[in-house]
Amino acid sequence: MWEILVVWAKIAPGFTPIVAAIAVGVAWRQLRLNRNSQRETTAKVTFREYLKLAFENPDLASGKIDKTSERFEAYTWFVGYFLWAIEEMLHFAKNDAIWIENIRLQMLAHRNYFRNNEEFRSRELATYTPAVQALVERVVRTA
């Protein structure tokens, strides 16, 4: 019995770096999975909050707010929150065609705002990620 322990004691130092490398790999993978899960949760919660806001404010969600309306300022904040929710969602689902199409359909309601609001086009649009900017431009070009 003692002889077996002596043999393992001589072999074990060679395995320690391998075991440590495997442990680091497993920990790194777990960290990456946790980070992706957190991104997904944040994105879905943010988008769900936008949908709740849209349900509570159908006039804002419809995009049929005139610049002269007393609700126009609230509408600009609504669109800002909407675009922020889109940023979160695209960060999580940037390659998901179903989410992108869902977002594009939601954006169509705000097409006139994107097209005709010069302040938005010249100042605010540049503050969003290139992915959001590209979707806004795609919606603007839609007939």
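The values are calculated or read from the model by the stated rules, or taken from the named source; none is laboratory data. What you see is a predicted model; the values in this text were computed from it and never measured. Because the Cβ atoms are built from the backbone with ideal geometry, glycine has one as well, and the counts that use them run over all protein chains shown.
Which one of these is of a type outside the set (Ser, Thr, Tyr), under 30 Å from residue 38 (Cα atoms) and in contact with a His (Cβ under 6 Å, 6 or more places away or on another chain): 132, 136, 79? Lay out the reasoning, then the answer.
On the way: 132 fails: in contact with a His (Cβ under 6 Å, 6 or more places away or on another chain); 136 fails: in contact with a His (Cβ under 6 Å, 6 or more places away or on another chain).
Within the list 132, 136, 79, the selection yields 79.
For the range 1-20, does any single residue satisfy the condition of being of a type outside the set (Gly, Ala, Ser), at pLDDT below 90 and within 28 Å of residue 117 (Cα to Cα)?
Residues of the range 1-20 that are of a type outside the set (Gly, Ala, Ser), as a first pass: 1-8, 10-11, 13, 15-19.
In the following step, the residues that additionally are at pLDDT below 90 were identified as 1-8, 10-11, 13, 15-19.
Checking the rest, the ones that are also within 28 Å of residue 117 (Cα to Cα) come to none.
Within the range 1-20 (the criterion being of a type outside the set (Gly, Ala, Ser), at pLDDT below 90 and within 28 Å of residue 117 (Cα to Cα)), the answer is no, since none of the residues qualifies.
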